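The values are calculated or read from the model by the stated rules, or taken from the named source; none is laboratory data. All values reported here derive from a predicted model rather than from experimental measurement. No Cβ is skipped: glycine too gets one built from the backbone with ideal geometry, and neighbour counts run over all protein chains shown. Calculation scope for accessible area: heavy atoms of the full protein, side chains included, ligands and nucleic acids excluded. Shrake-Rupley method; radii C 1.70, N 1.55, O 1.52, S 1.80 Å.
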Protein chains: 2
Amino acid sequence: MEELTKEQCTKSLLPIRDALDVINGKWKLHIIGSLLHGNRRFKDLQRDISGITAKMLSQELKSLELNGLVSRTVYDSAPVIVEYMLTPYGKTLQKLMDELRLWGTEHRKRMISPAAVK
Amino acid sequence: MEELTKEQCTKSLLPIRDALDVINGKWKLHIIGSLLHGNRRFKDLQRDISGITAKMLSQELKSLELNGLVSRTVYDSAPVIVEYMLTPYGKTLQKLMDELRLWGTEHRKRMISPAAVK
DNA sequence: TATACTACTTACCTTAAGGATAGTGGTTTC
DNA sequence: GAAACCACTATCCTTAAGGTAAGTAGTATA
């Protein structure tokens, strides 16, 4: 097994940071969670995610779109309909989210009754 | 496959949030990364992690200790020596970090040359 | 006795994330 | 023609994360 230099170690944190940045913020996981259940329009998302403002929803959707996780389709109807959906790439996040959920669930148990897992 | 209600869906995000909170912040991953290479004293960590201040290092170490990821040992020598190490539990983070690194590496490729992966 | 080292702590300041509220532009319904 | 619906955008404000700089307490070395 090779030892990593300090620089290599710091560098190896960059992709982790990238991954975290993509899902960071108060609302992104909520949006992804909602979209995992199917396509949604703007108002649908706002209804699904209690507490989110139009400003934040719009902002976070743009960020998710920029990162290729969410696609935005405008239907030329009246009134105009805008539909958001997870891209196939966006769906690859689910595995990561499952891992995080698993670790987080164990952690929560451990924090509630530390004696039981010491 | 069962459909989740809105409440169940929101609830399932909680452990994910827990996991993310544990490693969130600008410095925690750097500290964990350094400790993955062996035990470290306060000054060692400060030297390892370029840019971190004593205040932030102290603050983040406390948070990691509270979460059971890092242990703090004071040796009754003169001058006093304080050693930090990852607990076995802290080491379980490595798997998660590897998954995040994997996804993040792919994401970085995709962001640099989107055409190649379209 | 002065300087330096270790392991921090304290007080203050800056910046960025997010919240509150209101407004825009188009369309449709009453 | 007034009110309502959709999909946002703009402006201002609060809060929290993190940075700066200095200080503390104990020991040890010159």
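Taking the condition in contact (Cβ under 8 Å) with a residue 12 or more places away in the chain and open to solvent by 20 Å² or more (accessible area, probe 1.4 Å), does B:GLY51 pass? No, not satisfied.
For the stretch B:27-37, a tally of residues being within 15 Å of DNA strand C (Cβ to nearest atom) and either assigned to a helix (DSSP H, G or I) or modelled with pLDDT under 95 (or both) returns 3. Among the residues of this structure, A:GLU60 does not count as one that is facing chain B (nearest Cβ under 8 Å) and touching a helix residue (DSSP H, G or I) at 6+ places or on another chain (Cβ under 9 Å). Scanning the stretch A:59-92 for residues that are exposed (fewer than 12 other Cβ atoms within 10 Å of the Cβ) and either near DNA strand D (Cβ under 7 Å from one of its atoms) or part of a helix (DSSP H, G or I) (or both) yields A:LEU66, A:PRO79, A:VAL80, A:PRO88. Report yes if some residue within the stretch B:4-21 is within 19 Å of B:LYS91 (Cβ to Cβ), within 16 Å of DNA strand D (Cβ to nearest atom), in contact with a helix residue (DSSP H, G or I) (Cβ under 7 Å, 6 or more places away or on another chain) and more than 11 Å from every other protein chain (Cβ to nearest Cβ); otherwise report no. No, the conditions are met nowhere in the stretch B:4-21. Of all the listed residues (B:TYR75, B:TYR84, B:TYR89), the sole one being within 12 Å of DNA strand C (Cβ to nearest atom) and under 18 Å from the mean Cα position of the chain (by Cα) is B:TYR84. Whenever a residue of the stretch A:89-115 is of a type in the set (S, T, N, Q), its partners that are part of a helix (DSSP H, G or I) and open to solvent by less than 80 Å² (accessible area, probe 1.4 Å), lying with C-beta atoms within less than 6 angstrom and at least six residues away or across chains, give the pairs A:THR105/B:PRO15. For the stretch B:1-23, the candidate set comprises residues that are open to solvent by 20 Å² or more (accessible area, probe 1.4 Å) and in contact with a Lys or Arg (Cβ under 7 Å, 6 or more places away or on another chain); within that set, the residue that is farthest from A:THR5 (Cα to Cα) is B:SER12. Residues in the stretch A:24-40 that are surrounded by 15 or more Cβ atoms within 10 Å (Cβ to Cβ) and polar (S, T, N, Q): A:SER34 alone.
When the stretch B:93-118 is examined, which residues are found to be of a type in the set (A, V, I, L, M, F, W, C) and buried (at least 18 other Cβ atoms within 10 Å of the Cβ)? Passing the criteria: B:LEU93, B:LEU96, B:MET97, B:LEU100, B:TRP103. Would you pick out the residues in the stretch B:48-57 that are within 9 Å of another protein chain (Cβ to nearest Cβ) and either hydrophobic (A, V, I, L, M, F, W, C) or part of a helix (DSSP H, G or I) (or both)? B:ASP48, B:ILE49, listed by residue number.
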